[in-house]
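Peer 1: So that we are looking at the same thing, I have put the structure below in structure tokens.
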Amino acid sequence: GRPLSLTLRELQLLVTLSTHPQRIMTREELYAEVWGGAPRREDRSVDVYVSRLRAKLSEVLPDQQLIHTHNGIGYRFSPDG
């Protein structure tokens, strides 16, 4: 019930992850969906935006971790853990 202020990219990232719950999405898939193309080599945009999004979500939902990291692969949205 608390407001959440997100940038457009953060919102797009959250929507993309949440419309594929429990599925591990690669950084490349997320970049293509949110930024509309292939990431440049060594681009860390997805990681930076996931970090920002997690920080904002933890302010309004401190007892929940919604976005899970799968090292070397990508991220998974899981509202129930």
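Peer 1: For helix 8-18, report the angle its Cα long axis makes with the longest principal axis of the Cα atoms of the chain; keep it between 0 and 90° and round to the nearest 10°.
Peer 2: Approximately 80 degrees, to the nearest 10.
Peer 1: Provide the per-residue ³J(HN,Hα) series for segment 52-64, in order, calculated from phi with Karplus coefficients 6.51, -1.76, 1.60 and θ = phi - 60°, each as a whole number of Hz, with x at glycine and proline positions.
Peer 2: 5, 5, 4, 4, 5, 5, 5, 5, 9, 10, x, 9, 10
Peer 1: Given Cβ point charges of +1 (Lys, Arg) and -1 (Asp, Glu) and nothing else, what value in debye, to the nearest 20, does the dipole of the chain about its Cα centre take? Please report the intermediate quantities before stating the final value.
Peer 2: Working: 11 positive and 10 negative charges, 25 e Å.
My answer is approximately 120 debye.
Peer 1: Among Ile67, Val15, Tyr31, whose Cα sits farthest toward the positive end of the charge dipole of the chain (+1 at Cβ of Lys/Arg, -1 at Cβ of Asp/Glu, about the Cα centre)?
Peer 2: Tyr31
Peer 1: Calculate the tail of P(r) for segment 1-43: the fraction of all Cα-Cα distances greater than 14 Å, expressed in %. Write down the numbers at each step before the final one.
Peer 2: Details: 488 of 903 pairs.
Cα-Cα pairs of segment 1-43 separated by over 14 Å account for 54 percent.
Peer 1: From Cα pairs below 8 angstrom and at least 6 apart in sequence, can you work out the relative contact order of segment 29-81, rounded to a whole percent? Please list the in-between numbers first.
Peer 2: Working: 35 pairs, mean separation 10.7, N = 53.
About 20 percent, as a whole number.
Peer 1: Applying 1/(1 + (r/R0)^6) with R0 = 25 Å to the Cβ-Cβ distance of Leu8 and His70, what FRET efficiency is obtained, to the nearest 0.05?
Peer 2: For Leu8 and His70, the calculated efficiency is 0.50.
Peer 1: Let me ask you something else. Considering the Cα trace of the chain, what is its radius of gyration and what is Dmax, both in angstroms?
Peer 2: My reading of the Cα-based Rg and Dmax gives 12.2, 40 Å.
Peer 1: Same structure, new question: With all protein chains present, how much of the accessible area of the chain (probe radius 1.4 Å) comes from carbon and sulfur, to the nearest whole percent? Don't jump to the answer; show the numbers that get you there.
Peer 2: Working: 2580 of 5220 Å².
Of all accessible area on the chain, carbon and sulfur atoms account for 49 percent.
Peer 1: Once phi is turned into θ = phi - 60°, what whole-Hz ³J(HN,Hα) does the Karplus curve with 6.51, -1.76 and 1.60 give for every residue of segment 34-44, x standing for Gly and Pro?
Peer 2: 8, 9, x, x, 8, x, 6, 4, 6, 6, 10
Peer 1: Solvent-accessible area per residue for segment 23-81 at a 1.4 Å probe radius, Å²? Let's see the in-between values first.
Peer 2: Details: 3710 Å² over 59 residues.
That works out to 63 Å² per residue.
The values are calculated or read from the model by the stated rules, or taken from the named source; none is laboratory data. All figures in this text were calculated on a predicted structure; none of them were measured in a lab. Positions of Cβ are generated from backbone atoms using ideal geometry, with glycine treated the same way; all protein chains shown enter the neighbour counts. For the accessible areas, the whole protein counts, side chains as well, though only heavy atoms, and no ligand, DNA or RNA atoms are used. Shrake-Rupley method; radii C 1.70, N 1.55, O 1.52, S 1.80 Å.
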